[in-house]
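Readers should treat all values here as calculations from the given coordinates under stated rules, not as data from a laboratory. Owing to the predicted nature of the structure, the values given are computational and were not obtained by experimental measurement. All Cβ positions, glycine included, derive from the backbone under ideal geometry; neighbour counts span all protein chains shown.
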Amino acid sequence: MGRSLFMPGRRRWLAAGLVSSGLAAWPRWLQAGPSVRALRVVSPWEITGLDPSRAGYLFSRHGVSETLLDIAEDGNPTPALATHWEVSADQRHWRFHLRPQARFHDGSPVTPQAVAAALQFARRKPGGMGLVPLEAIDAGTDVVDVHLAADFAALPAVLAHSSAQILAPASYSTGGSVSRVIGSGPYQLTDIEPPQRFSLARSPHWDGPPPAIAAVDYLAVGRGESRALLAESGQADIVYGLDPASWQRLKRHARLQVHSVPLPRTIYLKLNAGHRWLAELPLRQAISLAIDRAGIAHAILRDPQAAASQLLPPALAQWHDADLPAMGQDIAVARQLLAAAGWQPAADGIRVRQGAKGGERLALTLRTFPDRPELPIIAAAVQEQLRQVGIAVEVLLGNASDVPAAHRQGTLELALGARGYGIYADPMVTLLQDFGPEGGDWGAMNWGNQTVPAALAALQGPLRERDRHALRRTVTRTLHEELPVIPIAWNLLAAAVHPALRGFTLDPLERSYRLERLSWGEA
């Protein structure tokens, strides 16, 4: 067997020049022996904790943990741990019938009591369960009853989210935190070294068809060029999170499959609408008008169709409003708005304004992170485009966690991120988290708008479809006009895949890597 970057030993990493990239050895690739071929999966996402509300999506994507419901590609709920369910006429009592043979990876049965306890745990953590007007969760005989204090149409979407995954009772420590990830999916966790790697094996307790692939190794690799190198050199079998340049290059690679799918995910600027300057709508409008979305889509994302005309992409047909005027660049109008607000260009081109405390220079900080490799490049483009209208921007490159931290501390001015509006099957759940009365870590900050929260609240109840349509249009138009966040581009998911893998597909909702469907063939 040839030497592999997944074999242990620091010298091999030094020889490959990849130690500085944060890559680590994967011992089982050497230890497993010739009879077991581990599937090697690479993505940008680090294991930030065992709690489902933190990195639960990694375990659900890899088939370790399950939720009560699943979601089909069309957004409709499908069975998972619940085989079927019933809803009362007033929409406030939901009964879920559990899969009778389901077992956790420690061999214990998936009981109604275990499911109810896991959902109560999720309710106390960040995530959609906190939005549910929950009255009670009762464990019956092979059923779980969820009682609501008010209508909540998005309940299936919340119950299908990774933050509401069902873990075995033994997963929780006496202090109430998650100390082990014991799920009920086709793969079980055998080894974990946060924040970078974990290993999986086929679960003997899985009550479905056994996966063809017996073992999986996962590695988090932050640098996009390092991920592409692992795919190119054959040192990884599936690599997610390709930057646009690597995606285009690897598509021409003779021995790789390269897959891509549009996502309901938007790259956008988050703004502190309580900032003494950003509270002014003309400044937010000027920033939006300064951004060359078409240029960013073409030159950086390599996809002219990616330029965002509004926040929610066409894939979310019920929420995308084709009648809204498309966002675009207009440098002249941006400069006029700034001048009308009292901002005049200084000798260096950056605008200043006289205020109560004397002259102020129009300079802002923009936070972003490299987990999504296109973000730092887009941040540099936005920095230059805003400079052209007289706004100085300092780009601060850090971790993804820096954005919600700065939001909570009140120090954030601008942030460039990517928000998946399909992470819940019903986009309303994400919109509630982002644009509810208090805003959200990845949504509005100090916005103070009442129209959008009221419309989102009304959408939770029983309505005629034409009334739902009108409320959705109220939400999208208000976001479009008042700009609590500024859309830049719509995103896609790309992956490079070993040529011997069979059955690979991408999930446009990013819920699952569908590893249980894969098998090895001839390259």
Worksheet entry | C-alpha center-to-center spacing [the stretch 308-328, the stretch 441-493] in angstrom | 12 Å
Worksheet item: Say R0 is 35 Å: what FRET efficiency, to the nearest 0.05, do A299 and Q450 get from their beta-carbon distance?
Response: 0.35
Discussion item. Tell me which trypsin sites (Lys or Arg not before Pro) from the stretch 211-293 have a DSSP coil assignment and no more than 13 other beta carbons within 10 Å of their own.
Written reply: R252, R255, R276
Response to the item:
The answer for the longest stretch of the chain without any exposed GluC sites (Glu not before Pro) (DSSP loop, at most 14 further Cβ atoms within 10 Å) is 74-437
Worksheet item: So what's the projected area for the stretch 69-171, the Cα convex hull averaged over all directions, in nm²?
Response: 6.5 nm²
Practice prompt. Could you work out, for the stretch 264-491, what percent of all Cα-Cα pairs fall into each 10 Å distance bin, beginning at 0 Å and stopping at the bin that holds the largest distance?
Written response: 8, 34, 37, 17, 4, 0
Discussion item. If you scale each eigenvalue of the Cα gyration tensor by 5 and take the root, what three semi-axes come out for the stretch 182-275, rounded to whole angstrom and sorted largest first?
Written reply: 29, 22, 15
Fill in: Size of the stretch 349-415 as Cα extents on the principal axes (Å, biggest first)
39, 28, 10
Discussion item. Counting only helical runs of four or more DSSP H residues, what would the 222 nm mean residue ellipticity of the chain come to if each run contributes -39,500 (n - 2.57) and the total is spread over all its residues?
Written reply: -7500 deg cm²/dmol
Discussion item. What translational diffusion coefficient, to the nearest whole µm²/s, does the chain have by Stokes-Einstein, given a Kirkwood radius computed over alpha-carbon pairs, a temperature of 10 °C and 1.306 mPa s viscosity?
Written reply: 65 µm²/s
